[in-house]
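What follows is a short report on a single structure.
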Amino acid sequence: MTIKLFAGALAALVLAGCATPNLDNSAGRRVVYQDVSTTSQRVAGVGVESQDVVSMTDRMIRDILATPQIAGRATPPRIIIDSEYFANDSSSRINKNLITDRLRIELNRAAQGRLIFVARHYGDMVSKEREAKRNGETDKGTIRATKAKAGADFRLGGRITSLDANSAQSGTLSRYHQISFELIDLEYETIAWSGLFEFKKEAQDDVLYR
């Protein structure tokens, strides 16, 4: 009798161990699209966020197009806008291409031929295609053939810097950002245009940027 009781108890324990635990599988908060030019009401921190990227690039576009030395020349200048010489020296984690890509694309659209954009960041792609054409691997295409690729007149340079302050008493973090943009004359090494964007944020609970 004792053996039967022991076997029954053991079987009950095994079945209990195999049972599915009581998990909360309720649906989470549904995905909601946000306006990239506004601050999120649920997730916001002291770093560089989408609304900052939109604001700074829109301002730089207007300023560049209003500069006669750049956008008012009889012959449209060739410019390079990429992140090669755009440094992040701040304490904020940010993909620099978010800034330079948007600046280049939106400026190209707004310039309407007043500026010619040199795609130096696609240099390897162009070199491989040119080599294939000249080796006879492909034909010459329908546009034209040139001895060299396009040289540029101006190139973007700049940096992101920041200044942090933290209150040990309240736990509030304050961060001031300064983002500089400059177009450099690639022949004379002079600065043909400069722009500056700055902002300051405070928060008690910072968010994690990836």
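No value in this document is a laboratory result; all are computed from the given coordinates. Just so you know, these numbers come straight off a predicted model, no measurement behind them. Heads up, the Cβs are rebuilt from the backbone with ideal geometry, glycines too, and the neighbour counts pull from every protein chain shown.
The lysines within cross-link reach of Lys128, meaning a Cα-to-Cα straight distance under 27 Å and a gap of 8 or more places when in the same chain, are Lys96, Lys140, Lys147, Lys149.
Remark: segment 160-165, residue by residue, has Karplus-estimated 3J(HN,Hα) of 10, 10, 8, 9, 10, 9 Hz, where x stands for each Gly or Pro and the curve is 6.51 cos²θ - 1.76 cosθ + 1.60 at θ = phi - 60°.
Based on Cβ point charges of +1 for Lys and Arg and -1 for Asp and Glu, what charge dipole magnitude is obtained for segment 77-210 about its Cα centre, in debye rounded to the nearest 20?
About 620 debye.
Neighbours of Ala145, meaning other residues whose beta-carbon lies under 15 angstrom from its beta-carbon, give a summed charge of +3 when Lys and Arg score +1 and Asp and Glu score -1.
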